[in-house]
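The values are calculated or read from the model by the stated rules, or taken from the named source; none is laboratory data. Here the structure is a predicted model, which means the values were calculated and not measured. Note that we place each Cβ from the backbone using ideal geometry, even for glycine, and neighbour counts take in every protein chain shown. When the accessible area is computed, the model is the full protein with side chains, heavy atoms only, and any ligands, DNA or RNA have been set aside. Shrake-Rupley method; radii C 1.70, N 1.55, O 1.52, S 1.80 Å.
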Amino acid sequence: MEILGIDIGGSGIKGAPVDTETGQLTAERFRLPTPQPATPKAVSTVVAAVARHFDWRAPIGITFPAVVQNGVTLSAANVSKKWIGAPARQLLADATGCPVVVLNDADAAGIAEITFGAGKDRRGTVMLLTLGTGIGSVIFVDGVLVPNTELGHLEMRGMDAEDFASDRIRKVEGLSWKKWGKRVDKYLAMLERLFSPDLFIIGGGVSKKFENFSAQLKRRVPVVPAELRNEAGIVGAALAAQSLLEAASDDALAG
Ligand code: BGC
């Protein structure tokens, strides 16, 4: 099945149709800048423009960098506070004229990675951390996602972990890869103590530069870079939309 995946990020809104059997994009990615301020209205207009670019009239999976429960955005760490409590699914469905599924950005990246990437066929507790503007977290237990875990907001040294170890902080504070890698290691050490995972996957843009800081990671648990890179959000959004559609059609058949 082909589903349009759209990834809403702090600087860009990117979309592409995805073949959900293979995880491959079936057309070139299209990206528009995220409007500033990124209010629900302004973002919906840009998402609609991305869908129009592909002349899309079918289901769409959309990621958002906040807690998303039952189609409602419930937090807004790095986006306009107007998203808190906003009916995101409804807004984006109205704007695009298509059925829409909305989910947390890290959860989407995790779904892609566990289906096609570094977490494929891995049982046990797998944790994926996306290190970018914020820190996104994902936990899978035997392949089943625990959504909206928000472990980037665990407290470290009196602050949010994402204000200590995100890639944004590396850039803002001008940290060397070595110094920043040590911070990431401290963050992973805390997660290791709390969750005893079987595997850590590092996602986000820094997964491409994994060898720059991997020597600083001294965990007992294996730590590997994500494999899907930039496209994980788009692919995971499409997969999430597909599984919800399948569940809905099963319900319809049963009922
Ligand atoms: C947000 C998460 C999001 C992460 C990565 C955090 O600040 O609270 O919901 O997944 O950033 O974008």
(request) Kindly indicate the residue of the range 136-161 that is closer than 17 Å to residue 103 by Cβ, touching a residue at least 12 places away in the same chain (Cβ under 8 Å) and among the aliphatic types (A, V, I, L, M) and also most open to solvent (accessible area, probe 1.4 Å) among those meeting that condition. (result) 145
(request) Would you check if residue 173 is more than 13 Å from the ligand (Cβ to nearest atom), open to solvent by less than 30 Å² (accessible area, probe 1.4 Å) and at pLDDT 95 or above? (result) no
(request) Identify, from the list 4, 32, the residue that is out of contact with any Cys (no Cβ under 6 Å at 6 or more places or on another chain) and closer than 14 Å to residue 98 by Cα. (result) 4
(message) Suppose we filter 57, 123, 89 for residues that are free of Cβ contacts under 8 Å to residues at least 60 places away in the same chain and either open to solvent by less than 30 Å² (accessible area, probe 1.4 Å) or assigned to a loop (DSSP other than H, G, I, E, B) (or both); which single one remains?
(response) 57
(request) Consider residue 181 carefully, then state whether it is closer than 21 Å to residue 25 by Cα, buried (at least 17 other Cβ atoms within 10 Å of the Cβ) and touching a Ser or Thr at 6+ places or on another chain (Cβ under 8 Å). (result) no
(message) Restricting to the range 23-54, name every residue that is in a loop (DSSP other than H, G, I, E, B) and in contact (Cβ under 8 Å) with a residue 24 or more places away in the chain.
(response) 23, 26, 27, 29, 34, 37, 38, 39, 54
(request) All but one of (1) within 16 Å of the ligand (Cβ to nearest atom); (2) out of contact with any Asp or Glu (no Cβ under 9 Å at 6 or more places or on another chain) hold for residue 135, so report the exception by its number. (result) (2)
(message) Condition (residue is surrounded by fewer than 19 Cβ atoms within 10 Å (Cβ to Cβ) and part of a strand (DSSP E or B)) applied to the range 110-117: is it met by at least one residue?
(response) no
(request) Report, by residue number, each residue of the range 191-250 that is assigned to a loop (DSSP other than H, G, I, E, B) and under 29 Å from residue 1 (Cβ atoms). (result) 204, 226, 227, 228
(message) Being within 16 Å of the ligand (Cβ to nearest atom), at pLDDT below 95, crowded, with 19+ Cβ neighbours inside 10 Å and not assigned by TED's automatic domain parsing to the domain that holds residue 151 is true for just one of 79, 68, 102, 43. Which residue is that?
(response) 79
(request) State the number of residues belonging to the range 8-21 that are closer than 12 Å to residue 46 by Cβ and either assigned to a strand (DSSP E or B) or not assigned by TED's automatic domain parsing to the domain that holds residue 45 (or both). (result) 5
(request) From the list 130, 73, pick out the single residue that is hydroxyl-bearing (Ser, Thr, Tyr), open to solvent by 20 Å² or more (accessible area, probe 1.4 Å) and within 11 Å of the ligand (Cβ to nearest atom). (result) 130
(message) Residue under question is residue 97, and the condition is that it be away from the ligand (no atom under 16 Å from the Cβ), open to solvent by 20 Å² or more (accessible area, probe 1.4 Å), of a type in the set (Gly, Ala, Ser) and in contact (Cβ under 8 Å) with a residue 40 or more places away in the chain; does it hold?
(response) yes
(request) Mind listing whichever residues of the range 129-173 are assigned to a loop (DSSP other than H, G, I, E, B) and closer than 14 Å to residue 191 by Cβ? (result) 149, 150, 154, 161
